[in-house]
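S.K.: Once you've had a glance at the structure underneath, I'll fire off some questions.
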Amino acid sequence: QVQFVESGGGLVQPGGSLRLSCVASGSIFNFVTMGWYRQAPGNSRDLVATITRGGNTYYADSVKGRFTVSRDNAKNTMYLQMNSLKFEDTAVYYCNFAPSPASGSWGQGTQVTVSS
């Protein structure tokens with residue numbers, strides 16, 4: 001099965017920026033819609049952004065205008081550029097297929113903490 005590995009998280013100041021990366025283990029990444037999810041303690045795991053293999057994107061209202069999702073199909077890699085970060089963006093960020101994630105493909109996620 002496809003496995004995803006997320007990286008790039010860290011501690012940032014409000015208003016700061018961060019770029020996350022997601023690497024898929026197989027070429028299936030080139031053929032399906034992918035997405036970024038996030039989960040804060042006590043919250044559900046919510047879909048933040050998606051991107052098709054052709055580059056069409058979707059963003060949740062909470063991040064629209066601040067986050068940009070992109071992908072490099074040749075590298076089986078998806079990115080999430082996060083700008084103007086807010087306290088509310090603090091969460092563990094995951095990547096997977098979207099809008100229906102594969103339960104066995106979740107990575108460990110990457111922690112994003114926005115704090116002053």
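The values are calculated or read from the model by the stated rules, or taken from the named source; none is laboratory data. Note that the structure is predicted; figures quoted are calculated from it, not measured. A quick note on method: Cβ atoms are made from the backbone with ideal geometry, for glycine too, and the neighbour counts reach across all protein chains shown. Accessible surface is based on the protein model in full, side chains and every heavy atom, while ligands, DNA and RNA are left aside. Shrake-Rupley method; radii C 1.70, N 1.55, O 1.52, S 1.80 Å.
S.K.: Say we look at region 80-100 and pick out the residues that are assigned to a loop (DSSP other than H, G, I, E, B) and over 13 Å from Gly10 (Cα atoms); which of these is least open to solvent (accessible area, probe 1.4 Å)?
M.R.: Ala98
S.K.: Here is a follow-up. Here is a list: Asp46, Asp72, Asp89, Asp61. Which entry is modelled with pLDDT under 95, of a type in the set (Asp, Glu) and out of contact with any Asp or Glu (no Cβ under 8 Å at 6 or more places or on another chain)?
M.R.: After ruling out the rest, the residue left standing is Asp72.
S.K.: Which residue out of Ser44, Ser70, Ser103 is in contact with a Gly (Cβ under 9 Å, 6 or more places away or on another chain), without any contact (Cβ under 8 Å) to a residue 40 or more places away in the chain and either part of a loop (DSSP other than H, G, I, E, B) or farther than 21 Å from Gln1 by Cβ (or both)?
M.R.: Ser70
S.K.: Say we look at region 30-41 and pick out the residues that are closer than 18 Å to Val112 by Cα and assigned to a loop (DSSP other than H, G, I, E, B); which of these is modelled with the highest pLDDT?
M.R.: Ala40
S.K.: Could I ask something else about it? Tell me the residue from Arg38, Arg45, Arg71 that is at negative phi, among the basic types (Lys, Arg) and open to solvent by 60 Å² or more (accessible area, probe 1.4 Å), please.
M.R.: Arg45
S.K.: Could you list all residues from region 99-114 that are at pLDDT 95 or above and in contact with a Ser or Thr (Cβ under 8 Å, 6 or more places away or on another chain)?
M.R.: Those that are at pLDDT 95 or above and in contact with a Ser or Thr (Cβ under 8 Å, 6 or more places away or on another chain): Thr110, Val112, Thr113, Val114.
S.K.: With Ser21, Ser25 as the choices, which residue is touching a residue at least 12 places away in the same chain (Cβ under 8 Å) and surrounded by 17 or more Cβ atoms within 10 Å (Cβ to Cβ)? Break it down into steps so the answer makes sense when it comes.
M.R.: Working: Ser25 fails: surrounded by 17 or more Cβ atoms within 10 Å (Cβ to Cβ).
Checking each option against the conditions leaves just Ser21.
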